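Comments concern the structure below.
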């Protein structure tokens, strides 16, 4: 079953550069009104581009880790659109953090990554959930996570062992290694929201899912590796590596297809998008960490 998204309204966070604007543009192409926010000033340029597709759009310079900014975005979107149906919590930060970093750096890293990746998705989610419940017409929350949580299927026994996977000894272990302890912790923490919210909100027609993103050609990953933000400035080695990454437009289409499943579609799912596998919405996996009975019960 595939529903129409035309006329619905969405919020996309972290939409100034990278994957975020691709999400916003893909939604607008489906006739969705879109509110966007980011800490970057460039975010103020995106609404005009979205409006050109015939939808309503507005944007704010806002920090999702700050409650007042979250209230401004959610309240402003509800006022402008008459309600909200979709939240895509995409705002995120990522850089190297090591277990032996000095305390000052460790604290700054914590505030930056956990503040945005975990607290920010918490604040945005809780603010939008209140509106969705008030409206009583269901909706979708999509938290953007990482394939470090579910690489090749997690837990291991659920690995689909796809022929297209480049990791021939699948499943590949989860985790980003010793240089990403805080990033991984902030993203693993999203499971608490995923399973708790999905269980509590299923009876209200509200789905909660996570996009577990692997290497996608975007501002963030290029910054992490120190690659040029422009393709025409890459050296040969960089170009070869980038060619293996997913296209942000393709990953955005996966999100659109997820939303089109409608209220009867999957919930409480970590949806895996990683290099070496087709960038498509794969069939839902069995829920391992939360039972179907609990999802279908009332909370």
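The values are calculated or read from the model by the stated rules, or taken from the named source; none is laboratory data. What you see is a predicted model; the values in this text were computed from it and never measured. Quick reminder, even Gly has a Cβ in these numbers, built from the backbone with ideal geometry, and neighbours come from all protein chains shown.
Any chance region 257-276 includes a residue that's within 22 Å of residue 162 (Cβ to Cβ), within 16 Å of the chain's Cα centre (by Cα), at pLDDT 85 or above and part of a helix (DSSP H, G or I)? Yes; the residues of region 257-276 include at least one that is within 22 Å of residue 162 (Cβ to Cβ), within 16 Å of the chain's Cα centre (by Cα), at pLDDT 85 or above and part of a helix (DSSP H, G or I). If you scan region 64-93, which residues turn out to be buried (at least 17 other Cβ atoms within 10 Å of the Cβ) and farther than 21 Å from residue 260 by Cα? The answer is 64, 65, 69, 70, 73, 74, 76, 77, 78, 91, 92, 93.
Within region 201-233, work out how many residues are modelled with pLDDT of 75 or more and either surrounded by 17 or more Cβ atoms within 10 Å (Cβ to Cβ) or touching a strand residue (DSSP E or B) at 6+ places or on another chain (Cβ under 6 Å) (or both).
Residues meeting the conditions: 10.
Considered as a group, the residues in region 94-126 that are part of a loop (DSSP other than H, G, I, E, B) and without any contact (Cβ under 8 Å) to a residue 40 or more places away in the chain include one that is surrounded by the fewest Cβ atoms within 10 Å (Cβ to Cβ), and that residue is 100. Considering only residues in region 277-296 that are modelled with pLDDT under 75 and closer than 18 Å to residue 159 by Cβ, the one that is surrounded by the fewest Cβ atoms within 10 Å (Cβ to Cβ) turns out to be 289.
Got a number for residues in region 47-72 being within 19 Å of residue 123 (Cβ to Cβ), assigned to a helix (DSSP H, G or I) and in contact with a helix residue (DSSP H, G or I) (Cβ under 8 Å, 6 or more places away or on another chain)?
3
Scanning region 3-25 for residues that are in contact with a helix residue (DSSP H, G or I) (Cβ under 7 Å, 6 or more places away or on another chain) and at pLDDT below 95 returns 14, 15, 16, 17, 18, 19, 21, 22. The residues of region 81-109 that are more than 30 Å from residue 32 (Cβ to Cβ) and under 20 Å from the mean Cα position of the chain (by Cα) amount to a single one, 95.
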